[in-house]
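Enquirer: My structure is below; once you've seen it, I'll send some questions.
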Amino acid sequence: MNTGNEKQKNKNRSYFMYDFVKATAAIPVALWLRPRILYESADAKKRIQGGALVIANHIGFADPIALMAAIWYRRHHFICMKEFEDKWNTKIFFSWFHCIPIDRENFGIDSFRQITEHLEDGKLVCMFPEGRINASDGGFAPFKAGMVLMALKSKSPIVPVYISPQKRWYNRATMVIGESVRVDCADGKLPSFDDISKASERLREKEARLKELCKQ
């Protein structure tokens, strides 16, 4: 269980290495990705303020870099699989970038609390709700319902982003940022499993609409 000391420790962690790596990599990433950023609407183009949960389709290992390039003005806190965070060659890197490790086979209350605390503290948390890389352009895998509960608990909006697969490595990356979505429950009631599933499906459909915008 997270204690008050652990929570304070997380707040006090330095962002020096995060900011240093991000600043030094900005030009190479811009030249490599050359991202073309589209927006669903004028509202979607506004800068994301305060705590927010960014969700995106997952087409490859470079997706976190693409998200950081698209929403360059915020610090990102990515939800990552614990098995990657535990590896010796990625542990330090994940620590520098303040990733939030979770156990995909045993997602517990501690992980849920850590994520919602980040959101409540006004941080930007990013996740890939398909739960795995889905490189095909034929559709989206079912979205994990946990994102809805995190947004509800922290009263944070969900910002959907679509990342277009590149036909060749040198093709320009295209991304579409959608309008933020609120998933509040009517009359403040606790959501049922059906409510959560329907909200997850609505977000998945929203990603599909962003994909269509990407083709225009």
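The values are calculated or read from the model by the stated rules, or taken from the named source; none is laboratory data. Predicted model only: the values in this text are computed from it and were never measured. Reconstructed Cβ throughout: ideal geometry from the backbone, glycine too, with neighbour counts over all protein chains shown. Ligands, DNA and RNA are stripped out before the accessible areas are found, and what is left, the full protein with its side chains, is counted by its heavy atoms. Shrake-Rupley method; radii C 1.70, N 1.55, O 1.52, S 1.80 Å.
Enquirer: In deg cm²/dmol, rounded to 500, what helix-only [θ] at 222 nm does the chain give when every DSSP H run of at least 4 residues adds -39500 (n - 2.57) and the total is split over its residues?
Expert: -13500 deg cm²/dmol
Enquirer: With a Förster radius of 30 Å, plug the Cβ-Cβ distance of Asp121 and Lys215 into 1/(1 + (r/R0)^6) and report the FRET value to the nearest 0.05.
Expert: The value I calculate is 0.20.
Enquirer: Tell me, what % of the accessible area of the range 88-216 is carbon and sulfur with a 1.4 angstrom probe? It would help to have the intermediate numbers written out before the result.
Expert: Numbers: 3860 of 7220 Å².
Result for the range 88-216: 53 percent of the exposed heavy-atom area is carbon or sulfur.
Enquirer: Follow-up question, since we're still on this one. In the range 55-179, how does Rg compare with the Kirkwood Rh, expressed as the Rg/Rh ratio over alpha carbon atoms?
Expert: Checking Rg against Rh, the ratio lands at 0.94.
Enquirer: Could I ask something else about it? Computed from these coordinates, which is volume of the Cα convex hull per residue in Å³: [x] 137; [y] 127; [z] 111?
Expert: [x]
Enquirer: Compute the length gained on full extension between Ile65 and Gln49: take 0.36 nm times their separation in residues and subtract their Cα-Cα distance, giving the result in nm to one decimal.
Expert: 3.7 nm
Enquirer: In Å², what does the accessible area per residue of the chain work out to with a 1.4 Å probe?
Expert: Dividing the accessible area of the chain by its residue count gives 57 Å².
Enquirer: To the nearest 0.05, how large is the calculated FRET efficiency for Ile92 and Asp194 if R₀ is 30 Å and r is the Cβ-Cβ distance?
Expert: On the way: r = 43 Å, r/R0 = 1.43.
Once the sixth-power term is evaluated, E becomes 0.10.
Enquirer: Compare Phe20, Phe128 by solvent-accessible area with a 1.4 Å probe and give them largest first, with all protein chains kept in place.
Expert: So, going from the largest accessible area down, we get Phe20, Phe128.
Enquirer: From the protein chains alone at 1.4 Å, what is the descending order of accessible area for Met17, Met147, largest first?
Expert: Values: Met17 55, Met147 0 Å².
Output order, biggest surface exposure first: Met17, Met147.
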